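Have a look at the structure below, then the notes.
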Amino acid sequence: MLSTFELKYNKSITFFVLLLFTIYIGSVGLLCFYPFTAGLNRQTNNWETFRLIGKAPVITTPFIELNDFSFYLNILMTMPFGMFMITLFKKYTNFFSLAVISLAVGSFIESIQFLLDNLNLMTRFVDINDVIANAVGVLLGYFLALGGFQLLQKVRLLHQNQVES
């Protein structure tokens with residue numbers, strides 16, 4: 001996508017974006033996979049429904065966390081992923097592929113948490129709501145970046161027309 005702007009320092013900008021993406025992935029990895037112990041007492045837990053699958057506490061009821069701030073933090077956490085997708089790929093992604101990638105991001109995170117929980121390396125909730133929030137975040141980030149790029153292209157064309165006139 002960056003190549004469409006024909007920038008003077010395109011390779012340096014692409015390298016910088018890849019470096020930022022690497023830092024972002026590392027930060028998300030720390031947030032999602034830091035060994036944290038969840039409070040598993042059903043009487044004191046805010047979530048009404050979780051069950052243990054193996055050693056992993058799993059929340060399978062979708063949309064029960066819409067009034068929980070962490071749901072929206074998960075959206076915010078994955079928005080940059082969608083923005084990086086539009087920045088690093090050379091062309092637009094069709095909606096079906098984008099939806100699959102969005103669901104895959106959240107599913108990957110929760111699957112790794114499930115595996116680490118069952119290996120006794122951490123105790124985190126494995127949550128369908130996190131998969132939903134992560135998918136929404138990737139989609140929002142992608143469409144925000146797409147709109148930003150389209151706006152920049154229109155401004156660039158307007159500027160070129162004014163210079164030529």
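The values are calculated or read from the model by the stated rules, or taken from the named source; none is laboratory data. Please read all numbers here as calculations on a predicted model, not as lab measurements. Cβ atoms come from the backbone with ideal geometry, glycine included; neighbour counts cover every protein chain shown.
Miscellaneous remarks
- The range 123-143, subset touching a strand residue (DSSP E or B) at 6+ places or on another chain (Cβ under 7 Å) and assigned to a helix (DSSP H, G or I), residue nearest to Tyr72 (Cα to Cα): Asn129
Conditions tested, residue by residue: (1) modelled with pLDDT under 90; (2) more than 21 Å from Gly141 (Cβ to Cβ).
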{"residue": "Gly39", "(1), (2)": "yes, yes"}
{"residue": "Thr44", "(1), (2)": "yes, yes"}
{"residue": "Pro57", "(1), (2)": "no, yes"}
{"residue": "Ile64", "(1), (2)": "yes, yes"}
{"residue": "Asp68", "(1), (2)": "yes, no"}
{"residue": "Leu76", "(1), (2)": "no, no"}
{"residue": "Thr87", "(1), (2)": "yes, no"}
{"residue": "Lys90", "(1), (2)": "yes, no"}
{"residue": "Leu103", "(1), (2)": "no, no"}
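- Flag for Leu152 being more than 12 Å from the chain's Cα centre (by Cα) and under 30 Å from Phe15 (Cα atoms): yes
Table: residues versus (1) outside any loop (DSSP other than H, G, I, E, B); (2) in contact with a Gly (Cβ under 7 Å, 6 or more places away or on another chain); (3) in contact (Cβ under 8 Å) with a residue 40 or more places away in the chain; (4) among the charged types (D, E, K, R).
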{"residue": "Asn67", "(1), (2), (3), (4)": "no, no, no, no"}
{"residue": "Leu76", "(1), (2), (3), (4)": "yes, yes, yes, no"}
{"residue": "Gly82", "(1), (2), (3), (4)": "yes, yes, yes, no"}
{"residue": "Ala104", "(1), (2), (3), (4)": "yes, no, no, no"}
{"residue": "Leu121", "(1), (2), (3), (4)": "no, no, yes, no"}
{"residue": "Ala145", "(1), (2), (3), (4)": "yes, yes, yes, no"}
{"residue": "Leu151", "(1), (2), (3), (4)": "yes, no, no, no"}
{"residue": "Val155", "(1), (2), (3), (4)": "yes, no, no, no"}
{"residue": "Val163", "(1), (2), (3), (4)": "yes, no, no, no"}
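- Within the option set Arg156, Arg124, being surrounded by fewer than 20 Cβ atoms within 10 Å (Cβ to Cβ) and charged (D, E, K, R) holds for one residue only, Arg156.
- With respect to the conditions (1) farther than 20 Å from Ile13 by Cβ; (2) touching a residue at least 60 places away in the same chain (Cβ under 8 Å), Gly141 falls short on a single one, namely (1).
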